[in-house]
Amino acid sequence: MDFEFNEEEKALADMVRKFAQKELAPNYAKWDREEKFPHELNKKMGELGLIGATVSSEKGGMGASHVSEGIITEETSRGDCSLTMSTFVVGHLIASILEQGSETIREKFLAPFLAGDSLPAFCLTEPGCGTDAAAMRTSAVKKGSSYILNGEKSGITAMMDADIALIFAKTDPEAGARGVSCFVVPTDYPGVTCQSYADMGCRAIVRGSIFMEDVEIPDDFLVGEEGNGFIMGMQGFDISRILLALEAIAPAMVSLEETIAYTKERNAFGRPLATFEGVSFPIVEHVSILEAVRLLCYKGLWLRDNGKSTSQIAGMIKWMAPRFSTNAIRDCLVLHGHYGYTQEFPFEQRLRDVMAVEIADGTSQVSKLVAMREIFGREYLPYNYRNK
Ligand SMILES: Cc1cc2nc3c(=O)[nH]c(=O)nc-3n(C[C@H](O)[C@H](O)[C@H](O)COP(=O)(O)OP(=O)(O)OC[C@H]3O[C@@H](n4cnc5c(N)ncnc54)[C@H](O)[C@@H]3O)c2cc1C
């Protein structure tokens with residue numbers, strides 16, 4: 001067993017940390033206030049080969065390990081956890097699905113995404129169903145060499161800036177989850193409209209709804225096989241939930257580091273705040289818990305790199321990471337006194353942004369359901385249980 005990153009991983013962490021400190025952290029508050037997606041930074045991250053890093057080299061990616069993908073996510077999130085959510089967490093879902101597409105899909109949509117030239121959206125949730133995603137109503141009907149799509153997807157990260165949407169739609173409404181297929185829909189096609197939300201956090205990656213009215217797309221915009229969409233999405237969540245956890249932990253760890261430094265400098269009652277156990281013990285508790293959850297994240301990614309299932313670990317850390325990270329950031333805010341409550345400090349923004357992780361990619365409840373399925377057995381799931 002080895003708890004250290006290897007030399008290549010350390011170099012990657014160092015490179016991404018420097019990039020995030022120089023390019024992301026100084027603009028974190030600005031992009032939030034302007035509600036502006038920084039396309040130019042996406043481009044730079046594409047040029048560095050950071051986007052969709054696990055895509056194999058034959059398919060245009062770097063063929064990096066999932067542990068490396070975790071390092072990229074954690075380090076960029078130390079600079080800007082909001083941008084990290086769209087580029088690396090949603091980005092993982094997008095890349096892992098487009099990678100399974102035909103050559104046309106890979107050339108037309110995956111390559112520009114990896115280069116940072118295109119911003120895709122991942123569109124699963126609907127107004128009538130989120131947790132119970134298989135109950136979706138969006139339809140795709142084959143007509144000659146086209147599909148006609150109708151429906152609405154809601155709550156979608158970066159929808160307002162996206163140039164393509166990965167749409168999950170029913171091609172066989174009678175077949176439940178097995179009747180779901182995945183399509184690429186360019187957002188400038190006739191019949192597509194979008195509408196934004198005013199969110200409390202992650203405001204630079206403006207969420208929105210996409211409405212499709214008789215949208216006609218060529219049949220080669222189907223990704224993979226008909227009926228395979230749901231399974232591709234769920235497989236992606238087994239990794240994206242771990243990346244989301246790292247995304248939440250990173251700003252909490254930075255907040256703790258800043259608070260440790262601050263409480264060593266700031267005096268009260270003639271001594272540094274850090275010398276009061278009422279100040280240092282909560283910080284020690286947060287560091288202990290977050291370090292443990294962080295290690296579980298890397299264990300999950302290591303499991304995937306070694307061909308093992310990550311469902312249980314992903315379910316476990318997806319509820320723990322945002323809960324413990326928001327607890328830590330809130331205490332850091334309070335330990336900075338009234339200054340901490342201002343927008344001069346990043347704590348209020350980090351708190352708003354990290355709360356998104358409680359809901360995105362499935363809420364804490366559904367994450368526990370996933371872990372419970374692995375721990376208790378599938379037959380004990382509430383929707384599978386039958387009285388004998
Ligand atoms: C910041 C953010 C980004 C997002 N980005 C995307 C995106 O890019 N693409 C996308 O498709 N979606 C996205 N979503 C939507 C997100 O995936 C859904 O909001 C989430 O899956 C929950 O679905 P819902 O909102 O419909 O809530 P519901 O499913 O209606 O659930 C409401 C509440 O009931 C609870 N609940 C439901 N079923 C159970 C159960 N069986 N047991 C216990 N509790 C239960 C839920 O946990 C939740 O608290 C995003 C959401 C947020 C907040």
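Of all the helices (runs of 4 or more DSSP H) wholly in region 304-388, which have at least 1 residues that are more than 16 Å from the ligand (Cβ to nearest atom) and within 27 Å of Pro282 (Cβ to Cβ)?
On the way: elements: 311-335, 337-340, 347-355, 364-376.
Passing ranges, in order: 311-335, 337-340, 347-355.
Please go through region 162-203 and pick out each residue that is assigned to a loop (DSSP other than H, G, I, E, B) and buried (at least 24 other Cβ atoms within 10 Å of the Cβ). Steps first, answer last, please.
Keep residues of region 162-203 that are assigned to a loop (DSSP other than H, G, I, E, B), which gives 162-163, 171-172, 187-191, 197-203.
Result: Ala162, Cys202.
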Determine if region 262-283 includes at least one residue that is touching a residue at least 60 places away in the same chain (Cβ under 8 Å), part of a helix (DSSP H, G or I) and out of contact with any helix residue (DSSP H, G or I) (no Cβ under 6 Å at 6 or more places or on another chain).
yes
Looking for something at pLDDT 95 or above, hydrophobic (A, V, I, L, M, F, W, C) and within 30 Å of Gly337 (Cβ to Cβ) - is there at least one such residue anywhere in region 293-311?
yes
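Kindly check whether there is at least one residue in region 99-117 that is within 27 Å of Asp172 (Cβ to Cβ) and within 16 Å of the ligand (Cβ to nearest atom). Step through it out loud before you land on a result.
Restricting attention to region 99-117, the residues satisfying the condition of being within 27 Å of Asp172 (Cβ to Cβ) are 99-106, 108-110.
Of the ones still in play, those that are also within 16 Å of the ligand (Cβ to nearest atom) are none.
Checking region 99-117: not a single residue is within 27 Å of Asp172 (Cβ to Cβ) and within 16 Å of the ligand (Cβ to nearest atom).
The values are calculated or read from the model by the stated rules, or taken from the named source; none is laboratory data. It should be emphasised that the depicted structure is a prediction, and the values quoted were computed from it without experimental measurement. Heads up, the Cβs are rebuilt from the backbone with ideal geometry, glycines too, and the neighbour counts pull from every protein chain shown.
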